[in-house]
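The structure under discussion appears below in the form of structure tokens.
No value in this document is a laboratory result; all are computed from the given coordinates. What you are looking at is a predicted structure, and each value in this text was computed from that prediction instead of being measured. Using ideal geometry, Cβ is built from the backbone for each residue, glycine included, and neighbour counts are taken over all protein chains shown.
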Amino acid sequence: MSGQRKSGGPMLGRRQAAALAAGALVAGTMRSVQAADASTFVSGFALPMNLDPHQVYDVPMQSMMLNAYDNLYRYQNDPPQIVPWLAESHTVSDDGLSWEFKLRPNIKFHDGSPMTAEDVVYSFRRVLALALAPAGAFLKILKPDNVAAPDPLTVRFKLETSYAPFFAAIPSISIVNPRQIEPNVKNGDWGKSWLASNGAGSGSYRIVPAGYRPLEYLDMEINEGHFLGWSHNPKPVKKIAYRPTKETSTRVLALLNGSLDCTDPNLPADQVEQINASKIAYVQKDVVMRTFVIRMNNTKPPFNNLNARLCFAHAFNYMGFINDILGGYATRDPYPMPENLWGIPKDAKGYDYDLKKAKEYYAKAVAEGAPMKRPLELHVQSENEQSVQGAQLFQSDLAQIGINLKVVGNIWSNLTTAAAKPDTTPDMWVHWVSTYFVDPENWVGQMYDSQFHGTWKASSYYKNDQVDALLRKARAAVKQEERAPLYEEAIRKIMADSPDIWIYNSMQLQGLNKRVKGRRFCTVGQGAEMRWITLDG
Amino acid sequence: MLRFVLRRCMLVLPSLFGLLVVTFLLIRVVPSDPAMAMAGDAATPEQIERLRQQYGLDRPIWEQFVSYVGKVATLDLGESAFSRRAVAVDIAQRLPATLTLTFCALAISVFVGVPLGVVAGLSHNTWPDYLLRVFSVMGIAVAAFWFAIMLQLFFSMELGWLPLRGELSATIQRPPRITGFVVADAAIAGRFDVVADALRHLVLPALTLSLGGLATIVRFTRAGVLDTLQQDFVFYERAMGYRRRRLVWIYVLRNSVTATVTQIGLLFGGLIAGGVVVEAIFDWPGIGSYTVQAILTGDRQVMLAVTLLIGVVYAGVNILTDLAHGLLDPRLMERG
């Protein structure tokens, strides 16, 4: 055996050494070339579920469609302002039912065909027919036949009832090109399957279908003929390569080695220091409109008791969570909507962390027969570390006042399903409310008007007839001056009832390569609009 | 041999049907409502109800199952609730990436693991054996995500030799899709810069994925070699004056790798499952990340199709393993 032993080792060692040396040689001669190409922007923004802006409407879609599609009006700047985009102007009748938009002349789609009011009508009818996410704001107030094009540059809407958020929701509808979609319609599906993987817009960038794989990558190239022209940006990005990352560690490394120009805007706070210490990248902080809330199921005891709810509202360590866990990268927001939005009653005081008060309310609740000893469940979104940490913090404070809280891991799709009925909705759960449109309707309107019971946004199953009346009146009025006091009044009442625990308004953290210049931020789209950006070098 | 393969294929069918039943039932246990997820964040209850009817989610489970099996039999895997694309198309786009990664990892495991196992066997209880033992225990114990990050830190960040993530550089133009395998497509298109780029992207994920299998194969081969070395024919051949190299690498090895080959077949399933983590860390656009996404969003058609697919691949590999056994030891093939 000894002979074999001696010869066995070296024989293989030589081969291995040779193979390793060859490998090292190949690798060494081909030092990795990073994304130094100044015309390609490598974006780490998450991709939407598919590319059809009439099927999906969420934060990733917003950041995609701002580049590939145009809308009649668009949110720009920070704080967000709604500005004319494809439309030059609009008028509204006094009763708030008739809206007329004037289109700019000479707008062209990516295929070169001119955009007319008929295309806008087609787009809105398609949204209503598909009846998916972006249709939510329109389904109840707009019939397909009531969108019309009296002339090639005029679009007229006749609403069923006066609905002020209609205008705020106009930027959520992308105008699509029927001449590209119609040939791809199958079984009357409005080209749903086709547009999910293709583009038919007029936006600043054009989708390259061959460069798309759902949720993995997407390529877009510049649309030189965009109606706004490019005179404001002499050196725009020519190609956007969406290369979303799945893991935080990879995301940060890719930013630091220059192969990613921006991360997604949800960078964890503990990465800020490391990135800011690098020569190549930095972390951009922006206040957005995205609130973080712990929901309480107001139909289940003890949450059907006001004192019990007040007890919970005083037991969350708001500032400890914001400062210690989030590193201070959030703003305490005691209101049921972003504190930087109109309609907030500034005189209303929120609840503070005060375990003594919490105990007092606990005693009152018990005296009124609320089952405060019942073991309670708080469902978190397991894949989101922050929601888990917030829940654990809450759990430890509640334990001090004798409340037994169990933290249960769950996922978004299960939670929204459970929230469809009061008895399946968890005792408590955690979520964020992002900006789908910049209007109080997006928060208080849909969270606390009882007609929305059954949707995840209204999952505290709160019901107060006065609040319902105020919110409905505010929704029907047209002018912001009339609406604001109604929302303020509604919010005062909601806060007094304390149906949920409102924690913070987000600050988004996004890693950016230092070569990225000219970025413009708006909370809608989270700074993803690429037409303003130039790459140095 | 054809009969042998056919027989194995027939045996696979009931297993796959069983897999389908179990998966279908398990997915129903998950409370998530695909209609809700499909309708999106801003949907109203009416929108959700409409989708539920449209996709037949309101019908009894057996009815849904029968209709699903009927479709699968005609190779219609349905439509993903999210990408709105045929699941078969999505899978066809992603499977090549996963297969490339898995086979490369397997190749590394086998072509490095078997020789190292032989060395360990031959150097029984001396330092190369000890060293390899430490190495293989580490290989099994080390978490893939940790190893992946270490590789990224060293080869991508420190040395800058290899790309950090992805399948191709963002600035590179993709070759036209013919086979779906990027390396092959690039070679067909004559784009050797793309071939090189793709291969460099493959190194770190394949290395990470191969680690666990490599360690297992070293151990199994070592055991096999030790066993074989005790057999009479080895003494006989040595006495006959066979050259050592021939003796070890042909006769001993062939008789030692039966258990290893079984292990390779089993490893394949592990590699596809382990691929989920590796694909996530390296942003590898394969089946793993697709599956995770489907689970998180409750995309049932995708979950079912992927499970079925992995079942088919696994079954296929097992048939290949049996064939390999048959080739190593023709007596098995005769027994059928």
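Overview of results
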read-out: Residue order, fewest to most beta carbons within 10 Å, for B:Leu19, B:Leu214, A:Leu341; value: B:Leu19, A:Leu341, B:Leu214
read-out: Tensor-based shape of segment B:153-201 (alpha-carbon gyration tensor, a/c under 1.5 rounded, otherwise prolate or oblate); value: prolate
read-out: Rounded, prolate or oblate (a/c below 1.5 giving rounded, otherwise prolate when a/b exceeds b/c) for segment A:187-229 by Cα gyration tensor; value: oblate
read-out: Aspartates and glutamates with Cα under 18 Å of A:Lys108, excluding same-chain neighbours fewer than 8 positions away; value: A:Asp70, A:Glu88, A:Glu118, A:Asp119, A:Asp151, A:Glu182, A:Glu221, A:Glu224
read-out: 18 Å Cα-Cα reach of A:Lys356 towards aspartates and glutamates, excluding residues that sit fewer than 8 places from it in its own chain; value: A:Asp397
read-out: Cα-centred dipole magnitude for segment A:134-184, charges only on beta-carbon of K, R (+1) and D, E (-1), debye, nearest 20; value: 80
read-out: Spatial separation of Cα centroids for segment A:474-537 and segment A:363-419, in angstrom; value: 28
read-out: Nearby aspartates and glutamates by direct alpha-carbon distance to A:Lys186 (threshold 15 angstrom, same-chain neighbours under 8 apart not counted); value: B:Glu79
read-out: At R0 = 60 Å, FRET efficiency that the Cβ-Cβ distance of B:Leu16 and A:Lys463 yields, to 0.05; value: 0.75
read-out: Cβ-based charge dipole, the protein assembly as shown, positive-most Cα from B:Thr321, A:Pro334, A:Ala315; value: B:Thr321
read-out: Burial ordering of B:Tyr314, A:Tyr353, fewest other beta-carbon atoms within 10 Å first; value: A:Tyr353, B:Tyr314
read-out: Most to least packed among A:154-165, A:448-459 [average Cβ atoms within 10 Å]; value: A:448-459, A:154-165
read-out: Choice from B:Leu159, B:Leu267, B:Leu320 with maximal GNM fluctuation in chain B (Cα, 10 Å cutoff); value: B:Leu159
read-out: Chain A: radius of gyration over Cα atoms, expressed as a fraction of 2.2 N^0.38 Å; value: 1.11
read-out: CD proxy at 222 nm, helix term only [per DSSP H run n ≥ 4: -39500 (n - 2.57); per residue of chain B; nearest 500]; value: -24000 deg cm²/dmol
read-out: Within a Gaussian network of chain B (alpha carbon springs, distance under 10 Å), most fluctuating of B:Ala105, B:Ala294, B:Ala215; value: B:Ala294
read-out: Two-site label geometry, B:Leu328 and A:Met319: point separation in nm, points 7 Å out along Cα→Cβ; value: 6.9
read-out: Rounded to 10°, Cα long-axis angle of helix B:287-297 versus longest principal axis of chain B; value: 40
read-out: Inter-label distance for A:Glu360 and A:Lys238, nm, one decimal - labels placed 7 Å from Cα along Cα-to-Cβ; value: 6.9
read-out: Rg/Rg_ref, chain B, where Rg_ref = 2.2 N^0.38 Å and atoms are Cα; value: 1.18
read-out: Cα-Cα over 18 Å, subset of A:Lys192/A:Lys421; A:Lys239/A:Lys517; A:Lys140/A:Lys473; value: A:Lys192/A:Lys421
read-out: Fluctuation leader among B:Met240, B:Met150, B:Met36 - chain B, Gaussian network, Cα springs under 10 angstrom; value: B:Met240
read-out: Fewest-first ranking of A:Arg531, B:Arg28, using other Cβ atoms within 10 Å as the exposure measure; value: B:Arg28, A:Arg531
read-out: Segment A:464-514: C-alpha gyration tensor shape, a/c 1.5 cut-off, then a/b vs b/c; value: oblate
